[in-house]
1. Being touching a helix residue (DSSP H, G or I) at 6+ places or on another chain (Cβ under 6 Å) and at pLDDT 95 or above is the requirement here; does N300 meet it?
2. Residues that are open to solvent by 10 Å² or more (accessible area, probe 1.4 Å) and of a type in the set (D, E): list the helices (runs of 4 or more DSSP H) wholly contained in the range 73-142 that include at least 1 such residues.
3. What are the residues in the range 287-320 that are β-branched (V, I, T) and either open to solvent by 10 Å² or more (accessible area, probe 1.4 Å) or under 18 Å from the mean Cα position of the chain (by Cα) (or both), if any?
4. I'm checking my understanding of the structure. Among residues of the range 223-243 that are at pLDDT below 85 and farther than 30 Å from G189 by Cα, which one is surrounded by the fewest Cβ atoms within 10 Å (Cβ to Cβ)?
5. Could you look through the range 252-286, keep only residues that are open to solvent by 40 Å² or more (accessible area, probe 1.4 Å) and closer than 21 Å to A195 by Cβ, and pick out the one that is modelled with the lowest pLDDT?
6. Which residue pairs have Cβ atoms under 9 Å apart, sit 6 or more places apart or on different chains, and have a first residue in the range 317-334 that is without any contact (Cβ under 8 Å) to a residue 24 or more places away in the chain and farther than 19 Å from K202 by Cα and a second that is open to solvent by less than 10 Å² (accessible area, probe 1.4 Å) and assigned to a helix (DSSP H, G or I)?
7. Tell me, please, whether a residue that is open to solvent by less than 10 Å² (accessible area, probe 1.4 Å), closer than 25 Å to K285 by Cβ and either touching a residue at least 24 places away in the same chain (Cβ under 8 Å) or among the aromatic types (F, W, Y) (or both) can be found in the range 45-61.
8. Can you give me the number of residues within the range 197-214 that are over 19 Å from Q345 (Cα atoms) and either among the polar types (S, T, N, Q) or surrounded by 24 or more Cβ atoms within 10 Å (Cβ to Cβ) (or both)?
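The values are calculated or read from the model by the stated rules, or taken from the named source; none is laboratory data. Owing to the predicted nature of the structure, the values given are computational and were not obtained by experimental measurement. Here Cβ is always computed from backbone atoms with ideal geometry, including for glycine, and neighbour counts include all displayed protein chains. Each accessible area value is taken on the protein alone, full model and side chains, heavy atoms only, with ligands, DNA and RNA left out. Shrake-Rupley method; radii C 1.70, N 1.55, O 1.52, S 1.80 Å.
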Amino acid sequence: MASHEEDSTKKTVSISPLLKRLIHSSANETQARTKMLQPALREATRGRNLRLGQYRGGLCDIVGTGGDSHSTFNVSTTASIIASPFLLIAKHGNRAQTSMSGSADVLNAISPKPPKLSALTPEKLPQIYCSTNYAFLFAPNFHPGMENVACVRRDLGFRTIFNLLGPLAHPVDWAIEARIVGVAYQELGPVFAEALQLSGTKKALVVCGAEDLDEISCAGPTNCWMLKEVPNPKYRGPTTEPGGEYTTSDDDAPPRTISRLEKFQLSPVDFGLPTHPLSEVYSGKMPKENAAKLMSILRNELRPDDPILDFVLLNTAALLVISGVCEGDECKTGKVIKERGAGGQRWKEGVRKARWCIESGQALLQLEKFVEATNSF
């Protein structure tokens, strides 16, 4: 009889290609639409000039599958905004489907003037990056066909296959340099990591808290599956401009880099932060209340040891680390913390940079520019 571990391995091998096919079939139309914008979007992103360390200035995202039943604060949405002074963010999100306050709900509840999420269509995305490092890609604008199932999902109130497809069906997937994906139970970790790897992703961190939380947990250990970009030994192209991408008309030519999958655990101590029980970061509140908390964080109004602040810092730091921006040995924001922890990464430097984004007001500034840009369309 096969062991449980062997069964899990077999499931991962069989499910990952299936998940990849589902992702591609659901995203083909959107990908074709956004790829028409490729020249304009590449020009706009190059204009932001955010390259630092091993980060090349590409788009980044942080997202969870949802449906973990923990009802924690809108961490990934907040983390995406905080990271935006360093990273070009393309946060893919929607209204709540299995919770009370989804990413779009909390942004729409920002006072006194929220962003106009419905105004940001694929055609306007390059314009956004002329004004700000932050963009929220409202799923119905980029996947209009999914509106047909939205009402059913809300009525069901529990997670479905669409919780799995959403985080992997990014409308500008071809432009994403780095991402964090939170999954709601442990068995999905290796499945998602392999699906991302099969899709060509080179920088990613798939996370699942020990409590089956789709975020990096502030309460204890988090299991991590990291796709790390490494040189491809089969690459035979030019070796100049290591930060650039070599292109060729030969679709079968080996790429400059590939990804290597590594598994490890993270805990708050790796970030230099204390632990907090999930009960202290429970949300369960309406979007207006969560929006007020989000703005308090961005305005640096919370006390330094606030549990929700620490929870957000953990996840923001991880996105900064996975992007490669923490690999720079010099930074205009202060002395770089070069200490390495789990997975050989600079998690404490990620926290330092995340705190700077809040305390300097730069994260709030990027959000304000996004609000103004979307309301001007």
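1. It is true that N300 is touching a helix residue (DSSP H, G or I) at 6+ places or on another chain (Cβ under 6 Å) and at pLDDT 95 or above.
2. On the way: elements: 75-82, 103-108, 125-128, 139-142.
Answer list for the range 73-142: 103-108.
3. I308, V312, T316
4. Within the range 223-243, the first condition is being at pLDDT below 85, and the residues that meet it are 237-243.
Okay, now just the ones that are also farther than 30 Å from G189 by Cα, so 237-242.
Numbers: G237: 13, P238: 9, T239: 10, T240: 7, E241: 9, P242: 10.
Among them, the one singled out is T240.
5. Out of the qualifying residues, it is P255.
6. Listed by first residue and then by second, the contacts come to G334/K353.
7. Yes: one or more hits.
8. As a first pass, look at the range 197-214 and keep what is over 19 Å from Q345 (Cα atoms): 197-200, 210-214.
Filter again for either among the polar types (S, T, N, Q) or surrounded by 24 or more Cβ atoms within 10 Å (Cβ to Cβ) (or both), leaving 197, 199, 213-214.
Of the residues in that region, 4 qualify.
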